[in-house]
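Engineer: For reference, the structure I am asking about is given below.
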Amino acid sequence: MLFESTIKSEATRQTYRIWLNKFLKFTKIKDYDSLITLRPKMIQEILEDYLLYCRNQRKYSPNTIFVTFACLQSFFSYHVDGINFNRIRRMFPKREKTSGKKAYTTKQVRTILEFTQSKKLKACVHFMACSGVRVGALSEMKRKHLADMPNGCKSILVYADSIDEYTTFITPECFDILELYFAWRKSKGEKITDDSYLFVSPDGSKNSVREICSQINTIAKKSLEREKSSSGRYDVMSSHGLRKRFNTILKLRTDVNPNIAERLLGHSQSIRLDNAYFSPTIEQLFTEYEKVITDLSLSEKYRLEFQLKSEKAKTEKLEFDKDKRIEALEMKLEVMSEFLKEFKK
């Protein structure tokens, strides 16, 4: 469809296809070309009938209706003139309280991981849990977007070469799981290069966002007992709950720079003029990320290992500082001794 060229995000493009196909099925019109040849007045009536159908049949929640008609408006505004969407919006139901605001707990994420044997799903869940990336970013990431960082961590370039590009990180634990997934793919005959996608379909092709969401949603439904709101939605979103966990861990740490926490989430626009005046280096970003590596790690083994490494580094620094202080005092004493000798003369 021509109007799809106006949509920049692949995830949005896929979502809009879903809602358009549902609408087309409702109209019983064979294809989009036939739909846009109808008179605007007839399209207006069909849209209003569809809205009433969605409301009366309780087919979708009020919040979903807003999303559905945003898609339909985008489509028809591009192809057909004369449709009154202001009139349609006045017929919208009252918005409901948004559900899905809670974050996964570490225990819940562990349960999801224990429930699946899929190496790809384990890698996806680990990746999202410790980097905070949106599920829509996973399908575009390649091996070349990873770079070495201290303590076994990796930096990851999200939305590379786009206006939304930003850097975040993954833990040593996550990279080990990712390496196991790469090894499994190699054993199936795939050649892994810098241009290989981090996550692929069973046939080795690029993963779609919808496919990843569906897989994570399925395993979350099977493994967890999540509460549902009155609208029937879960209190923790299957994929986005991992990003919310990352956000919660960062924001609960009072020693983490809040501006950098926003950058690690790709929220640079949340603070006015931040893009123009605040440009932290990758080292400065990582300094803040290091503070939460223990909390982000899912296995007790990795948590304890990193805690031990951190304590050892602190001890070594204290020893180094002590030695430097002793050395400075000895030099000062030597200077004073020389001064006294000269004074006695």
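Engineer: Just to be sure before I move on: is Gln307 in a helix (DSSP H, G or I) and modelled with pLDDT under 80 in the structure I sent?
Structural biologist: yes
For every residue, the table says whether it meets (1) without any contact (Cβ under 8 Å) to a residue 60 or more places away in the chain; (2) touching a Ser or Thr at 6+ places or on another chain (Cβ under 7 Å); (3) not assigned by TED's automatic domain parsing to the domain that holds Glu114.
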{"residue": "Ala147", "(1), (2), (3)": "yes, yes, no"}
{"residue": "Cys153", "(1), (2), (3)": "no, yes, no"}
{"residue": "Ile156", "(1), (2), (3)": "yes, yes, no"}
{"residue": "Tyr197", "(1), (2), (3)": "yes, no, no"}
{"residue": "Asn207", "(1), (2), (3)": "no, yes, no"}
{"residue": "Lys221", "(1), (2), (3)": "yes, no, no"}
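Engineer: Take the residues in the stretch 241-268 that are within 12 Å of the chain's Cα centre (by Cα) and over 27 Å from Lys221 (Cβ atoms); name whichever of them is surrounded by the most Cβ atoms within 10 Å (Cβ to Cβ).
Structural biologist: Result: Leu264.
Engineer: Which condition number in (1) modelled with pLDDT under 95; (2) surrounded by 15 or more Cβ atoms within 10 Å (Cβ to Cβ) is the one that Ile271 fails?
Structural biologist: (2)
Engineer: Are there any pairs, at least 6 apart or on different chains, whose C-beta atoms fall under 8 Å, with the first in the stretch 6-29 and at pLDDT 90 or above and the second among the acidic types (Asp, Glu) and assigned to a loop (DSSP other than H, G, I, E, B), and if so, which?
Structural biologist: Leu24/Asp31
Engineer: In the stretch 39-69, how many are without any contact (Cβ under 8 Å) to a residue 40 or more places away in the chain and either part of a loop (DSSP other than H, G, I, E, B) or among the small types (Gly, Ala, Ser) (or both)?
Structural biologist: Looking only at that region, the number is 5.
Engineer: Scan (1) among the hydroxyl-bearing types (Ser, Thr, Tyr); (2) surrounded by 17 or more Cβ atoms within 10 Å (Cβ to Cβ); (3) more than 26 Å from the chain's Cα centre (by Cα) for the single condition Thr116 breaks and write down its number.
Structural biologist: (3)
Engineer: I'd like to check something: does the stretch 41-48 contain any residue that is closer than 30 Å to Glu211 by Cβ and in contact with a Gly (Cβ under 9 Å, 6 or more places away or on another chain)?
Structural biologist: Scanning the stretch 41-48, I find no residue that is closer than 30 Å to Glu211 by Cβ and in contact with a Gly (Cβ under 9 Å, 6 or more places away or on another chain), so the answer is no.
Engineer: Continuing with the same structure: Name the single residue that is modelled with the lowest pLDDT among those in the stretch 49-63 being closer than 15 Å to Met91 by Cβ and surrounded by 15 or more Cβ atoms within 10 Å (Cβ to Cβ).
Structural biologist: Tyr60
Engineer: Here's something else I'd like to know. Suppose we filter the stretch 100-144 for residues that are without any contact (Cβ under 8 Å) to a residue 40 or more places away in the chain and of a type outside the set (Gly, Ala, Ser); how many remain?
Structural biologist: 2
Engineer: Would you pick out the residues in the stretch 70-107 that are in contact with a helix residue (DSSP H, G or I) (Cβ under 8 Å, 6 or more places away or on another chain), not charged (D, E, K, R) and not in a helix (DSSP H, G or I)?
Structural biologist: Scanning the stretch 70-107 gives Val80, Gly82, Ile83, Asn84, Met91, Phe92, Pro93, Thr98, Gly100, Ala103, Tyr104, Thr105.
The values are calculated or read from the model by the stated rules, or taken from the named source; none is laboratory data. Predicted model, so just to flag it, every value in this text is computed and none were measured. As a convention, Cβ positions derive from the backbone with ideal geometry for all residues, glycine included, and neighbour counts pool all protein chains shown.
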